[in-house]
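Derivation of every value follows stated rules applied to the coordinates shown; laboratory data play no part. What you see is a predicted model; the values in this text were computed from it and never measured. Every residue, glycine among them, receives a Cβ derived from its backbone with ideal geometry; neighbour counts consider all protein chains shown.
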Amino acid sequence: QVQLVESGGGLVQPGGSLRLSCAVSQVIFNFNIMGWFRQAPGKQRELVALISNLDSTNYGPSLKGRFTISRDNPKNTLYLQMNNLKPEDTAVYYCTAWASGSHYWGQGTQVTVAS
């Protein structure tokens, strides 16, 4: 059973930064693609960022430049560095991974951007 456990969420002021982590219970190099999605209240879940096992990245609209996704294979951990946070970034952030036709999700971590 693959487990993805997010951490690093919290309350931050506009313009601040947070780094989310996603600890994975298996060797993450086996996951072809890993990523982050987010869901704000009353809205659909949306793409934040994806990264392949060759470190190719893709970002949701308007997020590249503020958000950076990375993976540390020896630590089996996925990261999301978020800078210059805005109130509209408030959401539950989910870690996700794809491998061998299976798709996995973490339980989510809350990020709230407010003054």
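General observations
- Each label point was placed 7 Å from the Cα along the Cα-to-Cβ direction; for residue 88 and residue 57 their separation is 2.1 nm.
- Comparing mean-square fluctuations of 101, 16, 60 from a GNM of the chain with C-alpha springs under 10 Å, the top value falls on 101.
- Shape class for the stretch 1-49: prolate, because the ratio a/c of the largest to smallest gyration tensor axis (alpha-carbon atoms, square roots of eigenvalues) is 1.5 or more and a/b beats b/c.
- The stretch 1-71: trypsin sites (Lys or Arg not before Pro) in DSSP loop, at most 15 other beta carbons within 10 Å: 43, 45, 66
- Sequentially through the stretch 64-75, phi angles give Karplus couplings (6.51, -1.76, 1.60; θ = phi - 60°) of 4, x, 9, 10, 9, 9, 8, 9, 10, 4, x, 9 Hz, Gly and Pro residues having no value and appearing as x.
- Euclidean distance between Cα centres, the stretch 88-111 to the stretch 11-32, Å: 9
- Length added when fully stretched, residue 114-residue 5, from 0.36 nm per residue minus Cα-Cα: 36.8 nm
- Only Cα pairs under 8 Å and 6+ residues apart enter the sum, and on that basis the relative contact order of the stretch 17-64 stands at 27 percent.
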